[in-house]
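Single-structure report; data block below.
The values are calculated or read from the model by the stated rules, or taken from the named source; none is laboratory data. From a predicted model like this one, the values you see are computed outputs, not experimental measurements. Methodologically, a virtual Cβ is constructed for each residue, glycine included, from the backbone with ideal geometry; neighbour enumeration extends over all protein chains shown.
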């Protein structure tokens with residue numbers, strides 16, 4: 001039998017949240033623009049000492065929002081059209097247009113693919129990369145609610161090649177402890193895995209609560225199959241006719257979860273009932289796998305859960321503005337220091353009220369004053385929080401796609417089946433993922449450039465072939481043949497590579513170099529190579 005009775009822990013967690021939300025006036029209608037204005041007001045109230053930072057110009061805004069939403073630089077034609085547009089609502093209209101572009105789903109599916117797979121238990125889990133990306137791309141472009149996506153990933157089963165939603169479970173090989181740790185981290189922003197062997201060192205979670213959460217997943221098994229396939233199955237009877245007395249054999253599942261005895265690891269341990277640590281709601285031991293996971297997903301995604309909406313809002317705010325309300329983005333525990341907590345509470349409550357509409361949330365954040373402020377370097381601890389947008393290093397897929405666009409060259413064919421993992425496929429994109437990739441959940445101040453990255457751009461065979469300009473009918477070769485004015489060539493290279501025009505000094509320097517080079521083509525190639533290897537190309541401001 002199920003019990004939905006709340007415990008005192010649940011009341012202790014929810015009462016402060018309800019009191020906080022009651023003090024924040026709702027915005028009637030809650031359109032993205034109205035919600036953004038209210039967010040700006042709350043930030044101004046909570047952070048009154050922020051310095052005044054002006055809004056970015058149209059060129060910078062367009063590049064920023066295009067990179068953020070679809071992972072590409074705007075084209076020269078798009079730049080011209082946007083800067084000539086005199087409509088007062090053109091920025092909001094551009095955001096809506098980008099969110100309707102299928103590349104929005106592609107860009108953000110790659111982001112979440114990396115969130116899920118960077119903390120995989122072993123590299124064989126990469127067989128889930130392609131199907132997971134495809135699943136997420138379809139969901140994002142259809143604007144499926146975040147709650148539906150989370151529910152699908154928590155309750156997923158079947159062949160990973162046919163159901164990409166199984167990717168999170170496959171990434172953790174179906175192991176209950178690892179799987180629930182990732183579910184809590186990704187969907188709640190709570191690092192409850194720190195309580196697996198002992199009570200949480202900095203939060204209120206107890207070891208028993210971690211293993212009660214793991215008790216939602218003992219009957220899940222991720223079984224390897226032929227041809228790089230993995231099947232996620234439910235185990236509701238004695239596995240393979242044998243009863244396992246402990247948690248050691250996770251690849252075939254077990255009927256119940258036992259908390260290990262730390263004094264005697266060989267002992268059976270303590271039988272744990274499935275209990276949701278946020279509220280104390282529980283199921284009885286003996287519940288079927290589908291009931292356990294469906295109920296857990298329901299408890300996680302319901303609007304009264306204070307963590308679900310906050311975790312997503314905090315993560316996207318950090319990704320778009322460069323600084324989250326809480327850092328790192330997947331550690332929102334109850335004892336964490338939060339910048340502008342009333343603002344976070346308000347935006348999370350509005351997101352939940354909008355039924356976890358992701359495109360709505362993107363429209364809100366990109367309309368805020370903070371998002372549209374000029375960028376600054378990452379602040380020091382004693383400097384004002386959220387004073388400006390923060391320059392962000394681009395993810396590997398974004399760098400790779402912008403490189404292809406700047407060179408006007410198609411993506412080279414990769415070796416490896418379409419079912420293979422994205423880092424197992426041999427090809428230039430896989431090479432960029434190895435060198436330029438990073439865990440999206442890491443703090444951005446811990447991610448920096450490296451010598452291998454510089455060498456990859458300087459010595460890339462793809463770059464060398466694509467920049468053999470005179471042998472190509474596209475890219476730089478075509479530009480040089482069609483345009484006799486060196487100033488126009490330099491301007492076009494800047495627009496294609498950095499999505500802006502060169503300033504007077506840059507233009508003069510580049511034109512002089514082209515004219516002094518051993519040939520016009522060599523000089524132009526030098527300019528293009530320098531732009532591609534610039535810090536500006538690898539970051540969005």
With respect to the numbered conditions (1) farther than 25 Å from residue 112 by Cβ; (2) at pLDDT 95 or above; (3) under 30 Å from the mean Cα position of the chain (by Cα), which one is the sole condition not fulfilled by residue 251?
(2)
If residue 65 passes every condition in (1) under 18 Å from residue 171 (Cβ atoms); (2) at pLDDT 95 or above but one, which one does it miss?
(1)
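Of these, 58, 102, which one is surrounded by fewer than 15 Cβ atoms within 10 Å (Cβ to Cβ), touching a residue at least 24 places away in the same chain (Cβ under 8 Å), within 27 Å of the chain's Cα centre (by Cα) and at negative phi? Outline the logic, then answer.
Numbers: 58 fails: surrounded by fewer than 15 Cβ atoms within 10 Å (Cβ to Cβ).
After ruling out the rest, the residue left standing is 102.
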Hey, does segment 18-35 have a residue that's assigned to a helix (DSSP H, G or I), touching a helix residue (DSSP H, G or I) at 6+ places or on another chain (Cβ under 8 Å), at pLDDT below 95 and within 25 Å of residue 355 (Cβ to Cβ)?
yes
Given the conditions (1) assigned to a loop (DSSP other than H, G, I, E, B); (2) more than 17 Å from the chain's Cα centre (by Cα); (3) in contact (Cβ under 8 Å) with a residue 24 or more places away in the chain, every one holds for residue 356 apart from (2)
Take the residues in segment 41-55 that are out of contact with any helix residue (DSSP H, G or I) (no Cβ under 9 Å at 6 or more places or on another chain) and closer than 28 Å to residue 395 by Cα; name whichever of them is surrounded by the fewest Cβ atoms within 10 Å (Cβ to Cβ).
54
Looking at 165, 144, which is the one that is part of a helix (DSSP H, G or I) and more than 15 Å from the chain's Cα centre (by Cα)?
165
Quick check on segment 302-321. Is at least one of its residues in a loop (DSSP other than H, G, I, E, B), in contact (Cβ under 8 Å) with a residue 24 or more places away in the chain and touching a strand residue (DSSP E or B) at 6+ places or on another chain (Cβ under 9 Å)?
no
